1. Inside region 16-128, counting only strands (runs of 3 or more DSSP E) that do not spill past its ends, which hold 1 or more residues that are within 25 Å of residue 275 (Cα to Cα) and modelled with pLDDT of 90 or more?
2. Within region 174-187, is even one residue more than 19 Å from the chain's Cα centre (by Cα) and part of a strand (DSSP E or B)?
3. In region 178-185, is there at least one residue being under 19 Å from residue 243 (Cα atoms) and without any contact (Cβ under 8 Å) to a residue 24 or more places away in the chain?
4. Anything in region 58-73 that is free of Cβ contacts under 8 Å to residues at least 24 places away in the same chain and either surrounded by fewer than 18 Cβ atoms within 10 Å (Cβ to Cβ) or under 19 Å from residue 91 (Cα atoms) (or both)? List them, or say none.
5. Answer with yes or no whether residue 227 is within 21 Å of residue 155 (Cβ to Cβ), surrounded by 19 or more Cβ atoms within 10 Å (Cβ to Cβ), touching a strand residue (DSSP E or B) at 6+ places or on another chain (Cβ under 9 Å) and modelled with pLDDT under 85.
């Protein structure tokens, strides 16, 4: 049984700046819980349109676990119920959810497992072996309702049809893939690499080389550790890097090297960036030092749409006006009362 603890009142997230204004936040009564997994966490994600979440444990506690939000609000009850935990023989790397019941898990062995969580149990329904030859399957993202994109540390990208098991190699020979995401309705694929490059691939035809190349960080060999797309503006992506850089770029109509605007927001690795799925004006950045930063990025989409070619001719990028707007936003980090 997992242990649960409550934060002291003077360290509660209630006292920190949040999505609401300080006036509203001071009134809101929110309880903040934590719960032990007794494993090193690799990935946590809610299943779509569900109160259940899946997390991956690695090292000695390597597993796939299914949890559900507990309806009982009593302080003595754990905030999550563990429905199922399945031990693994090798470390998991990433997961990708298709539906409230179906999701994929990539493994360091190069395998990809497909799990069904129906009836609150985890059942492996399919597996795909050695998708990247002798390389691992490091990162995953959904391509369409029937296929996923897998990236490997050996630099290869592959499209896997989860119905037929057919594997199509998109590229190979690049530096290690650290992050992937789809954009423009699934016609384009963005991949972040250990060399610090973001490559844009046109998936409407079999690509032989990337259609767009950009270096988002101002520092050399700053690996692109995370990528995400805006929920409303499908050509707008945000990225995070190994040395703590976060930025934005718009790939509409670009046929050459892409210039981006980026900001050094932390000294630790940015582990994930994500727009709110329903309100894209909010961006949340997580980093390896344990910090979580919330940005109001409504100015990003406004500037991109209003000034699509500001700054560099032929490139729809974010201009200097946006730099000022973003840098003027304070980071929303927890703090304790003095």
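1. By residue number, 40-46, 52-58, 63-69, 92-97, 102-107.
2. No, every residue in region 174-187 fails to be more than 19 Å from the chain's Cα centre (by Cα) and part of a strand (DSSP E or B).
3. no
4. Result: 60, 69, 70, 71, 72.
5. It is false that residue 227 is within 21 Å of residue 155 (Cβ to Cβ), surrounded by 19 or more Cβ atoms within 10 Å (Cβ to Cβ), touching a strand residue (DSSP E or B) at 6+ places or on another chain (Cβ under 9 Å) and modelled with pLDDT under 85.
Residues checked against (1) under 22 Å from residue 156 (Cβ atoms); (2) out of contact with any strand residue (DSSP E or B) (no Cβ under 8 Å at 6 or more places or on another chain); (3) crowded, with 19+ Cβ neighbours inside 10 Å; (4) at pLDDT below 90:
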{"residue": "192", "(1), (2), (3), (4)": "yes, no, yes, no"}
{"residue": "199", "(1), (2), (3), (4)": "yes, no, yes, no"}
{"residue": "207", "(1), (2), (3), (4)": "yes, no, no, yes"}
{"residue": "232", "(1), (2), (3), (4)": "no, yes, no, yes"}
{"residue": "238", "(1), (2), (3), (4)": "no, no, yes, no"}
{"residue": "241", "(1), (2), (3), (4)": "yes, no, yes, no"}
{"residue": "250", "(1), (2), (3), (4)": "no, no, yes, yes"}
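The values are calculated or read from the model by the stated rules, or taken from the named source; none is laboratory data. If you're wondering where the values come from, they're calculated on a predicted model, not measured in any experiment. Cβ coordinates were reconstructed from backbone atoms using ideal geometry, including for glycine residues, and neighbour counts include every protein chain displayed.
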